[in-house]
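Read the structure below first, then the notes.
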Amino acid sequence: MTEQAPIIRVRNVTKRFGSVTAVDDVSIDIRQGEFFALLGPSGCGKTTLLRMLAGFETTSEGEIEIDGQPMLGVPPNRRPVNMVFQSYAVFPHMTVFDNVAYGLKVTGVGKSEIAERVKEALTLVHLEDFGRRKPDQLSGGQRQRVALARALVKKPKVLLLDEPLSALDAKLREAMRLELVHLQHSVGITFVIVTHDQDEALSMADRAAVMDHGVVRQVAAPATLYEHPNSRFVADFIGKMNLLEAKVAGLSGGRLAIDIEGLERFEVPHDGPASGEIGIAVRPEKTRLSKEQPAAGRLGLKGKVSDVAYYGNESHILLDTDTGVRFTTTIQNETRRSDSSILIGDDLWISWSPEDTLVLSE
Amino acid sequence: MSTLPARSMRRRRVRGTNPLEYLKRPWMQLTLLASFVFLYFPIVTLIAFSFNDSRRNITWRGFTWKYYEKAFNNASLHDAFVNSMIVAGTSTLVSTALGAMLGLALYRYRFPWKGTYEGVAHLPIVIPEICMGVAMLVFFNAINMDLSLITITVSHIAFTIPFVAVVIRARMAGFDVSLEEASHDLGASEWQTFWHITFPYMVPGLVAGALMAFVLSLDDFVITFFTAGVGSTTFPIKIYSMLRFSVTPEVNAASTVLIVITLSLTLIAMIMQSRWAKGRQE
Ligand SMILES: Nc1ncnc2c1ncn2[C@@H]1O[C@H](COP(=O)(O)OP(=O)(O)OP(=O)(O)O)[C@@H](O)[C@H]1O
Ligand SMILES: [Mg+2]
């Protein structure tokens, strides 16, 4: 293995605020040059973890290493990381140029070098002509670019971003996602981004850590998180998911026999152990609706359409199955009239292939 | 044809009074007038009669600058004015610095008994001035300090600090703490962060607080009266002592000077405040 040493090592880090445990025994390695996302619902401790990396919060337990150096007791101004704040925190009384130059000035970089590096950084975020403006003459998106340039001009080992896109409108947010990824590729700096938006994390990150109540549930590439979630929480949090409770009937030769109410016993490929009560999950887009009972070999449940939600490119159909479980399925609106083919109250079958069934033991 | 809508509109406006158009109501106008008269008639009279060419303040005998000249050449009045400036200047400098620190500390830190500390620190705002004066006098006696300009200055510092602190605290309430964090994150030390980021934000509050402290000190009578020693007369006390002999236009002139200084400083403070408020909105 020629694996590089991780740029950030988080080892058994816990953070308590009084009786609240915001971050609970978290261990993560973040690799050099990767775009890493901390993903999770509100209040799960993402910001707290990021602030511990930046040095604004101390760890209650555990240790953090950045670039091989232990960070215990190292103040934010001595860490090889820089942060882009959620509110951007652009200094209101300084011009764009002075904002970007600030981090160099306070550390005693020479005037000519400052001018050069600031210009370079402003070009990087397409603000070459805005140097003399004051922050109150900028749009929200431009202010964010200032915050980015101000951090990048320091040439940090790691750039930390706390919900950098949350203050932008939907269109701009989408555009900025791509731009951030391009930016990260061109500067080659490790990015750690905090977000509660799974689309954001999936579309931008090389890898993401899914957090829940201070605990890291899974660290993996987006496709793995989506197709192979390791727990009910991750399965449910990433994308839409149909979850069923099931029982293990037997495990042999890499095939797991499963019992679910309303279905005949079926087998799915599965490696690793499994026993007792498990969760069964299937993505909506991997299910199919049909008027007739599906072919043998597919798993099928009968139900009644309870809602049709139209999203333009696709529609989401809610199906209340006879066993009492509610399924969501998506259909692509391939022609202009295709949504009218399914109506509320229709009796339909929903089916999927055993291979697309996920087994969740947690 | 085209004048019709305009006319009907005008009629409507006369008939109905918007609930917010208080001034349309006669009794409201009357109240306003009365309060203006009660408030400003004495002051306007005082100023007007400072220009009256008569030894007594009863009838108007024509315009003159004579009493300003006289007041200016009155050596003891002149001294009192200089004393007042020294006291107000010094106490403003000190109380602005200390008050700013107090305001900042109360804004920033959490510590045990903070509520109590805050209440005690702001007590001088509500304590009757006479009590403050007596307390100061007793204190200076107890430590065997002779009354002089120094004792006056010290007491003025003591009673203006909380005013400055309140102003600074109000200013800091709108401060975004992540600005300081960003500065720190970009490599600045605590000290650099304070001077480059926090202090510039505080400046409007500092100016407002300083002007307030200056005006409060300049026209303070009660506390000064208790803490002034022989030969350390301030302007308000001098005016008072002149009054005891006779009410001459010279007193009016001196008072007018005080009014003008106070008003201009207040005006400056207000203009600065509105400028900054506008600057922030843009
Ligand atoms: N300074 C603090 N003092 C006390 N509790 C705190 C403090 N900061 C965070 N917490 C608590 O820690 C938990 C995690 O907070 P954190 O801000 O890290 O969440 P988050 O995942 O960033 O959420 P969001 O998406 O809403 O920003 C929350 O329960 C929060 O109330
Ligand atoms: Mg957060």
Seminar exercise, completed: Expressed in Å to one decimal, the Kirkwood Rh of segment B:25-64 from all distinct alpha-carbon pairs is 11.6
For this session: Would you mind telling me which residue in B:Asn52, B:Asn252, B:Asn73 has the biggest mean-square fluctuation in a Gaussian network model of chain B, where springs connect alpha carbons within a distance under 10 angstrom?
Result: B:Asn73
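By accessible area of protein heavy atoms, probe 1.4 Å, what ranking do A:Tyr226, A:Tyr310, A:Tyr102 get, highest first?
Highest to lowest solvent-accessible surface, that is A:Tyr310, A:Tyr226, A:Tyr102.
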Exercise. If you roll a 1.4 Å probe over the heavy atoms of the protein chains, what accessible area per residue do you get for chain B, in Å²?
Worked result: 61
Seminar exercise, completed: Listed by chain and number, the lysines with an alpha carbon less than 19 angstrom from that of B:Lys238, same-chain partners under 8 positions apart left out, are B:Lys70
Exercise. Taking only C-alpha pairs under 8 Å that are 6+ residues apart, what is the relative contact order of segment A:1-118 in percent?
Worked result: 22
Problem set entry | Accessible surface buried once A binds B (1.4 Å probe; total of both sides; Å²) | 1700
For this session: Note the angle between two axes, namely the Cα long axis of helix A:140-152 and the longest principal axis of the Cα atoms of chain A, as a number of degrees from 0 to 90, rounded to the nearest 10.
Result: 70
Exercise. Of the cross-linked pairs A:Lys240/A:Lys291; A:Lys247/A:Lys286; A:Lys46/A:Lys157; A:Lys157/A:Lys240; A:Lys105/A:Lys171; A:Lys46/A:Lys119, which ones have a Cα-Cα span greater than 26 Å in the structure shown?
Worked result: A:Lys157/A:Lys240; A:Lys105/A:Lys171; A:Lys46/A:Lys119
Seminar exercise, completed: Computed over chain A, the relative contact order (Cα-Cα under 8 Å, seq sep at least six) in percent reads 15
Exercise. Residues of A:323-330, mean number of Cβ from any other protein chain within 10 Å of their own Cβ, rounded to a whole number?
Worked result: 0
Problem set entry | segment A:225-253-segment B:131-173 distance, computed between alpha-carbon centres (Å) | 72
Exercise. Where Rh denotes the Kirkwood radius from the mean inverse Cα pair distance, what is Rg over Rh for the protein assembly as shown?
Worked result: 1.16
Problem set entry | Relative contact order (percent, whole number), segment A:87-169, Cα cutoff 8 Å, 6+ residue spacing | 42
Problem set entry | Computed magnitude of the charge dipole of the protein assembly as shown (debye, nearest 20; Cβ of K, R +1, Cβ of D, E -1) | 3600
Exercise. Under the definition of partner shielding as Cβ atoms of other protein chains within 10 Å of a residue Cβ, what is the mean value for peptide A:82-95?
Worked result: 5
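Taking the Cα centre as origin and putting +1 on Lys and Arg beta-carbons and -1 on Asp and Glu beta-carbons, what dipole magnitude results for segment A:212-305, to the nearest 20 debye?
Magnitude of the dipole: close to 360 debye.
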Seminar exercise, completed: Counting other chain Cβ atoms within 10 Å of each Cβ in B:171-184 and taking the mean gives 5
Exercise. Using DSSP loop states and a limit of at most 11 other Cβ atoms within 10 Å to flag trypsin sites (Lys or Arg not before Pro), what is the longest stretch of chain A containing no flagged site?
Worked result: A:133-264
Exercise. Any idea what the alpha-carbon Rg over 2.2 N^0.38 Å comes to for segment A:240-360?
Worked result: 1.11
For this session: Would you work out which of A:Phe17, A:Phe237, A:Val74 lies farthest towards the positive end of the dipole of chain A? Charges go on Cβ: Lys and Arg +1, Asp and Glu -1.
Result: A:Val74
For this session: For chain A, just the Cα atoms, rotate onto the principal axes and tell me the three extents in Å, largest first.
Result: 76, 49, 43
Seminar exercise, completed: When chain A is treated as a Gaussian network with springs between alpha carbons less than 10 Å apart, the largest mean-square fluctuation among A:Thr123, A:Thr58, A:Thr21 is found at A:Thr123
Exercise. Aspartates and glutamates near A:Lys134 by alpha-carbon distance under 12 Å, same-chain residues fewer than 8 away left out - which ones?
Worked result: A:Asp98, B:Glu282
Exercise. Pick from B:Phe225, B:Phe81, B:Phe245: which is most flexible by mean-square fluctuation in a GNM of chain B where alpha carbon atoms under 10 Å apart are linked?
Worked result: B:Phe245
Exercise. If you put +1 on each Lys and Arg Cβ and -1 on each Asp and Glu Cβ, how big is the dipole of chain A around its Cα centre, in Debye rounded to 20?
Worked result: 1460
Seminar exercise, completed: accessible surface per residue for chain A, probe 1.4 Å, DNA/RNA/ligands not counted, whole Å² -> 48
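Roughly to the nearest percent, how much of the accessible area of segment B:25-64 is carbon and sulfur, given a 1.4 Å probe?
74
Rounded to a whole number, what % of the accessible area of segment B:132-282 do carbon and sulfur atoms account for, probe 1.4 Å? Show your work: numbers first, answer last.
On the way: 4890 of 7040 Å².
It is 69 percent, rounded to a whole number.
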Seminar exercise, completed: Cα pairs beyond 33 Å in chain B, in percent, come to 44
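The values are calculated or read from the model by the stated rules, or taken from the named source; none is laboratory data. All of these numbers come straight from a predicted model, not from anything done at the bench. So basically every Cβ, Gly included, is an ideal-geometry build from the backbone, and we count neighbours across all protein chains shown. The accessibility values were calculated without ligands, DNA or RNA, using every heavy atom of the protein model including side chains. Shrake-Rupley method; radii C 1.70, N 1.55, O 1.52, S 1.80 Å.
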